[in-house]
Amino acid sequence: MSLDDLETELRPIFLAALAGDAAAYKVFLDAISARLRGYLRRLLARTGRSEPSEAEDVLQETLLALHLSRHTYEPSSPVTAWAHAIARYKLIDHLRRTGRHAGNLPLDDEVYQLAAPESGAADARLDLERAMQALPVRTRRLVEQVKLQGASIAEAAGVEGMTETAAKVAIHRGLQAMAKFLSRRGRSP
């Protein structure tokens, strides 16, 4: 099934689940689990890991994160992109915990293909670049190192000459500022 077909199928199911339909939620979890399992296996294989149980562990963490953060889903966004992004971040967390650096995961994977329709992909990238440029230089470098390059907070803090706590706060504030910037852009014509 293509990603477009999957999105067409899952979006209304997930919206029904958010409205309280338990049966729809089960259907959504079953369908997205199958898709994310393959996605995680492919990404793990790219890092030299092919143990099926490892993909299952990350999948379970991802499903829990999807459940706990379902209130953050923006209904105008593709649900598949949202789920894939959470899976990717859970995989990066897993690789960090198990001593593997996530820097070799490609940034141009299907999450970014799903994030916006092709006609709006260039606009979305431009908006993200502008949001990053609006950040103070030090904060921008921290966000780039931790969120885009996969560095740990400790590594990024060391590079910037900061404590881990200060780096965490700066990254958090930077992401909030980016979200605010992007939400303002979304409301403008």
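The values are calculated or read from the model by the stated rules, or taken from the named source; none is laboratory data. Just so it is clear, the structure is predicted and the values come from calculations on it, not from any experiment. Glycine gets a Cβ as well: all are built from the backbone with ideal geometry, and neighbour counts include every protein chain shown. For the accessible areas, the whole protein counts, side chains as well, though only heavy atoms, and no ligand, DNA or RNA atoms are used. Shrake-Rupley method; radii C 1.70, N 1.55, O 1.52, S 1.80 Å.
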Legend entry - Subset of segment 51-85 (residues that are assigned to a helix (DSSP H, G or I) and either among the charged types (D, E, K, R) or not assigned by TED's automatic domain parsing to the domain that holds Arg11 (or both)): Glu54, Glu56, Asp57, Glu61, Arg70
Legend entry - Gln60, sole failed condition from (1) closer than 20 Å to Asp5 by Cβ; (2) free of Cβ contacts under 8 Å to residues at least 24 places away in the same chain: (1)
Legend entry - Scan of segment 154-177 for residues that are closer than 20 Å to Ile86 by Cα, of a type outside the set (Gly, Ala, Ser) and open to solvent by less than 50 Å² (accessible area, probe 1.4 Å), ordered by number: Ile171
Inset, instruction - Confirm whether Gly38 is open to solvent by 20 Å² or more (accessible area, probe 1.4 Å) and in a helix (DSSP H, G or I). - result: yes
Legend entry - Residue that is most open to solvent (accessible area, probe 1.4 Å) [pool: residues in segment 1-19 that are at pLDDT below 90 and not in a helix (DSSP H, G or I)]: Met1
Legend entry - The lone exception for Leu15 - which of (1) of a type outside the set (Gly, Ala, Ser); (2) touching a Pro at 6+ places or on another chain (Cβ under 7 Å); (3) within 18 Å of Ala87 (Cβ to Cβ) it fails: (3)
Legend entry - Yes/no for Ser69 being under 17 Å from Leu40 (Cβ atoms), without any contact (Cβ under 8 Å) to a residue 24 or more places away in the chain and of a type in the set (S, T, N, Q): no
